[in-house]
Amino acid sequence: MSALSSHLLEEIKALPAKYPQPRSAVMPALDLAQEELGHLTPEAMSEVAVALQLDPGYVEGVATFYTLFHLEPVGKHRFYVCTNLSCMLRGAEDVVDRLKAAIGVREPGEVSKDGLFSYEEVECLGACEYAPVVRLDHRYEVDLTRGKIDSLVNDRRLVRSHVKTGVRSSLDTTPEPPRKKPVRRTKKSG
Ligand code: FES
């Protein structure tokens, strides 16, 4: 049985046609594989290599080089905390401490008990003027404060509990079913 779904493998096979250098497809392909599995297993990496007709060693080399690729299980939501100079000067250490306390972990890469969170410390995220900055999943969160970190964590916990109970949250991005338009009564002329 393959690690990646057949439709994802088809999607990966179609990637090289989008790039001048077919091997440039390796990063988006690994990204897709990681999205599906949560982290990159050896099987997933070798399936990516086969799908892209690349050397497995090359694919593994890319996956191990970039910190945004995970070779071990990670939380459903991942915080990438910038601890480079500008962020450090504006309280990145405090951000890390608060985040660790909020999600209940002791070190980078550790997954919270509920499986919802993990964090990494990363180099400059290119948004120094908004320091301190984290990337949470695919979105930047800027000008962080302790309160903002607590909200980011609590909001995601709420979404999880609302999903369990079926109650919709404001952070739930699933489109709502269309509502019936109210029928407008028009006055008859004459
Ligand atoms: S130093 Fe943190 S975003 Fe640049």
Point to revise | Criterion (surrounded by 17 or more Cβ atoms within 10 Å (Cβ to Cβ), within 16 Å of the ligand (Cβ to nearest atom), assigned by TED's automatic domain parsing to the domain that holds Arg146 and not small (Gly, Ala, Ser)) met by exactly one of Val111, Val96, Val105 | key: Val96
Revision key, fill the gap. Scanning segment 120-152 for residues that are closer than 22 Å to Val163 by Cβ and not hydrophobic (A, V, I, L, M, F, W, C) gives Asp137, His138, Arg139, Glu141, Asp150, Ser151
Review point. How many residues are at pLDDT below 95 and in contact with a helix residue (DSSP H, G or I) (Cβ under 9 Å, 6 or more places away or on another chain) when one looks only at segment 25-38?
Key: 4
Practice item. Looking only at segment 61-78, decide whether some residue is away from the ligand (no atom under 16 Å from the Cβ) and among the hydroxyl-bearing types (Ser, Thr, Tyr). Key: yes
Review point. In this structure, does Val134 turn out to be within 16 Å of the ligand (Cβ to nearest atom), in contact (Cβ under 8 Å) with a residue 40 or more places away in the chain and either within 22 Å of Phe69 (Cα to Cα) or more than 17 Å from the chain's Cα centre (by Cα) (or both)?
Key: yes
**Study point:** Output for segment 122-131, where each listed residue is more than 7 Å from the ligand (Cβ to nearest atom) and either at pLDDT 95 or above or surrounded by 16 or more Cβ atoms within 10 Å (Cβ to Cβ) (or both)
**Key:** Val122, Glu129, Tyr130
Practice item. Test Val48 against the criterion of being assigned by TED's automatic domain parsing to the domain that holds Val159, touching a residue at least 12 places away in the same chain (Cβ under 8 Å) and in a helix (DSSP H, G or I), and give yes or no. Key: no
**Study point:** Where a residue in segment 52-80 is at pLDDT below 90 and its partner, wherever it lies, is surrounded by 15 or more Cβ atoms within 10 Å (Cβ to Cβ), with Cβ under 7 Å and at least six apart
**Key:** Thr67/Glu120; Thr67/Val122
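The values are calculated or read from the model by the stated rules, or taken from the named source; none is laboratory data. What you see is a predicted model; the values in this text were computed from it and never measured. As a convention, Cβ positions derive from the backbone with ideal geometry for all residues, glycine included, and neighbour counts pool all protein chains shown.
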